[in-house]
Amino acid sequence: MLEGLAVDAITRVTNVSHAGRRLLTAVDARKDAGSSPTRIVGHRLARHLLDAGDQVRVLAEPGLPAGWPDGVEVVEGSITRPLECAEAFEGVDGVFLAGAVPATVRDALEVARGAGVRRIVVLSSHGPEYEEAYPPETWFWLAIERAVESSGMEWTHIRPSAVMGAVIEGTYPATGSDWPDTIKGERAVREAFLDTGHYPFIHEDDLAAVAAAALRADDHVGAVVEAVGPPISTRSRVASIARAIGCDIAAVEVPPDHSRESWRRRGWPDSGIDVTLYALQEYGERLAELTRWTLDQRPAVREIIGRPLRGFDEWAAENAHLFR
């Protein structure tokens, strides 16, 4: 909750499309800057869609087919190699496109269009607005968005902030990625910008609810949805986890180079590390301005999902077992 800031009235989307079969794609965890945890978000999205009466099919990379809700049809394959699994698109009305890559996204869209898919909802990133300043051959997220826009199908781009559950799957951002180990082993956190750093996070269930609305309702066709949560301080995240597990956690600030080396040892690429450190510092220094930017986004996440956003305290309580 952000004290002292007005919260607009919550509205619900009412222009809902008919029930249908939705295809969700899930890939192995990626540490590249801006990558969201597709498996965790996909699990939540599948539940939302099933509860709404939809049929759900998942195209999941090897190793990911387990643990989906009852009633989900799972096809093993990769959205990065769509020509090998074209049958997954048959009979599908809408696709939640997560984990696509520029090299093969047009193949995926050709297969989808040929199968009669009507709508594509892209799990994008906050990166496209920055990529526009660089040559098209360097684009990643923007290349995917532009390909979808020119596909001839209805589209919505969801650009989320960092996902709280990224630590579960091991995806971007690097901040907090080693906490399950250090909190369980030492009851300690060592991280750069501990006192001043902030990072915007959204609960995976809130992000999934936005995706469900984009797949099922017509309100967001042709729109970019900034699915962003409020900036949260690093120290407050540690405090939330400490309350959830009922134990004190020693929080020690270290120089950025210390965090960089620690994250490198855990397999993080420099691109993901650079963006993480930059964002921690930038949000800390421009907290009021960037918080206001988050609150000013329309449609707001709370308007799309019809309820307040879930906070980090709630997430920590749900996932306390990770840190015990």
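The values are calculated or read from the model by the stated rules, or taken from the named source; none is laboratory data. Computed from a predicted model, the values in this text were never measured in an experiment. Virtual Cβ from ideal backbone geometry, glycine too; neighbours counted across all protein chains shown. In case anyone asks, the SASA skips ligands and DNA or RNA and just uses the protein heavy atoms, side chains included. Shrake-Rupley method; radii C 1.70, N 1.55, O 1.52, S 1.80 Å.
Tabulated data for the structure shown
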read-out	value
Selected residue (criterion: farthest from Thr294 (Cα to Cα)) from residues of segment 115-140 that are at pLDDT 95 or above and not in a loop (DSSP other than H, G, I, E, B)	Arg119
Glu204 vs. criteria under 18 Å from the mean Cα position of the chain (by Cα) and surrounded by fewer than 18 Cβ atoms within 10 Å (Cβ to Cβ)	no
Members of segment 146-166 that are touching a residue at least 40 places away in the same chain (Cβ under 8 Å) and either farther than 13 Å from Ile40 by Cβ or surrounded by fewer than 22 Cβ atoms within 10 Å (Cβ to Cβ) (or both)	Ala147, Val148, Ser151, Met153, Glu154, Trp155, Thr156, His157, Ile158, Arg159, Ser161
Tally, over segment 269-306, of residues that are in a loop (DSSP other than H, G, I, E, B) and crowded, with 17+ Cβ neighbours inside 10 Å	2
Every residue from segment 118-145 that is open to solvent by less than 10 Å² (accessible area, probe 1.4 Å) and either polar (S, T, N, Q) or over 30 Å from Arg310 (Cβ atoms) (or both)	Ser124, Ser125
Selection count where residues are surrounded by fewer than 20 Cβ atoms within 10 Å (Cβ to Cβ) and farther than 20 Å from Asp107 by Cα, scope segment 63-85	9
Flag if Ile168 is touching a His at 6+ places or on another chain (Cβ under 9 Å) and under 24 Å from Arg260 (Cβ atoms)	no
Selection count where residues are modelled with pLDDT under 95 and in contact with a His (Cβ under 6 Å, 6 or more places away or on another chain), scope segment 292-324	0
Filtered residues of segment 190-220 (kept if among the hydrophobic types (A, V, I, L, M, F, W, C) and over 20 Å from Tyr283 (Cα atoms))	Leu207, Ala208, Ala209, Val210, Ala211, Ala212, Ala213, Ala214, Leu215, Ala217
First in segment 244-270 and of a type in the set (Ser, Thr, Tyr), second anywhere and part of a helix (DSSP H, G or I), Cβ under 8 Å, 6 or more apart	Ser259/Ile273; Ser259/Leu277
